[in-house]
Amino acid sequence: MKFIFKVLKSDQEQAVASWVNYLNQVRLDRLMKALDVQNVNLEKAMNTMKEAVDIIDKDIIDKNRGGVTGMHGFIAEVAESGISNARKEILGKRPNCIWINDNGPVDIKRDGVCIQQKFSASGGHLSLQAVRQHLDKYPDFLKNGGKYQVPEDHYEQIKRLLSISKKQADKMPTSTGEFSLSQWRYVHEVFKDKKLRFEDIEPSKLEYKDVQAGQIHQTLNAEEQSLRETDKKIRSAAYTKSLPSIKQGEQVTAFSAAIEGGTTFVLAIARKINSGKRLSDFTDDDWQDIFRETGIRTFKGGVRGVSIYALTNFTATPAAVASSVCTASFGIAQQAYLLRHGAINEEKFIMNSELLCLDCSISALSSFIGQALIPLPVIGAVIGNSVGTCLYHIAKDNLSKKEQQIINGYLGELEKLDQQLDQMYRSYIDELNTTLMRYYRLLDKAFSPDYEEAFNGSIALAKYVGVPTDDILKSKSEIDHYFLD
């Protein structure tokens, strides 16, 4: 029965370790999935930008569409659609802009909203004159839910001018060129009759200068760089999210404390019942013993949980090994206590400590094997630990002296074999190093800047790696015959 209690205790310890390992793996799997998704997002966004560049080059600039005065308007439409869609795609969202290439009243449709773009610097009217002309031609455009879009710098200037009162405008200097009274008057006049409201206008993602034929490639290159920066931030956020957290560490600590305390409570009761006592006969002293042992094991469970979580996440320590390290540490600390108080001598302390470490090693190894054969979180580790621990204790407790001598002899043979294999391994390594040195020398010649040496080196390299001699081109005539005949 004592053996069964020990196996159950070991199972509980490895169950905690396996659960921590599972939590760590879940975080890692989520990170890899997020990075895979982001790879797709980045590829889509870059393809969208490339398509925009191709359309601008082939369908607008090369064909001189719109001429000197109108080309930038078509460039702006394509660039706005491409940039808007790429910014959505880099975030994993669906593109929402469609370029309406028909010279009609609508240039872009965004989430079903009709948008007419006006990029005009004529007369210093900040594109508003072009907006008014379009509204006169299509008076129902705004009533039907349409929207006008102007360059970002024009929009900001319109907003600034509308915020300036007449009294302020009359006092503002115009000689510096930063403020134009005539422009201020025009802007206020446009919105005075209420046919057009400021809310009917929105800023483009680009300024007027950004969409000129000589500037658009630099603009789109800068946007691509911005998309890549966004991509880096998303990946960094995914990585940060995958890192171990204080909150999860607290959860692991609480779980480990609860499972170890609960297991101890049940086993303590079972141990007393197994000694011949009925539950109804338990005295106050019995319950105090049970609760004291449960409290100690609960505390140890908490320490185990936080230790395993820290070791597996902040050092390269597998969970099963981390659990075994904790168990061994507790056991050795107990042996040290006994040694200090004279209950055991130094020799006994060393022997007991060695056995503790061996027990923990068997537990960890069994958990590794069990998890590999039964790839289910926690269950594989527990079954593997139970089987391995049982086999180990049966062998340790029941083998006769003769059987142990046989095993020791077997271990001696293994040691001799290990020495032989080590000598063979070193011999193979030396041979491999010699072969690699020769290969690197041939490789240097094959890629020499001198074309004659490179040609001869390529022939030598081909022969060295096993290319049939008849398949190697060894002269100019053979090369001409291969490629031209």
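Below are the figures for this structure:
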item: Residue-count net charge about D210 - beta-carbon cut-off 11 Å; Lys, Arg +1, Asp, Glu -1; result: -3
item: E202 long-range amide H proximity, modeled H, under 5 Å; result: Y148, Q149, V150
item: Residues V68, V187 arranged by fewest to most Cβ contacts within 10 Å; result: V68, V187
item: Under 30 Å from the Cα of K195 - lysines, other chains or at least 8 residues apart; result: K109, K118, K137, K143, K147, K159, K166, K167, K171, K205, K209
item: Qualifying chymotrypsin sites (Phe, Trp or Tyr not before Pro) in region 109-182, DSSP loop, other Cβ atoms within 10 Å at most 16; result: F179
item: Neighbour-count order for D210, D153, fewest beta carbons within 10 angstrom listed first; result: D153, D210
item: Dipole of region 410-484, positive direction: furthest Cα of H481, G466, L432, with charges on the beta-carbon; result: H481
item: Ranked V190, V131, V113, V465, criterion: other C-beta atoms within 10 Å, fewest first; result: V465, V113, V190, V131
item: Whichever lysines have a C-alpha closer than 17 Å to that of K272, once near sequence neighbours (fewer than 8 apart) are set aside; result: K2, K6, K9
item: Sequence-distant lysines (8 or more away, or on other chains) whose Cα lies within less than 18 Å of K474; result: K445, K463
item: For region 33-239: rounded, prolate or oblate by the Cα gyration tensor [a/c cutoff 1.5]; result: prolate
item: Whole-angstrom gap from region 173-236 to region 114-140, using each part's C-alpha centre; result: 15 Å
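Any read-out appearing in this document is the output of simple, stated calculations on the displayed coordinates, not a laboratory observation. Worth saying up front: this structure is predicted, and the values here are computed from it rather than measured. Cβ: placed from backbone, ideal geometry, glycine included. Neighbour counts: every protein chain shown.
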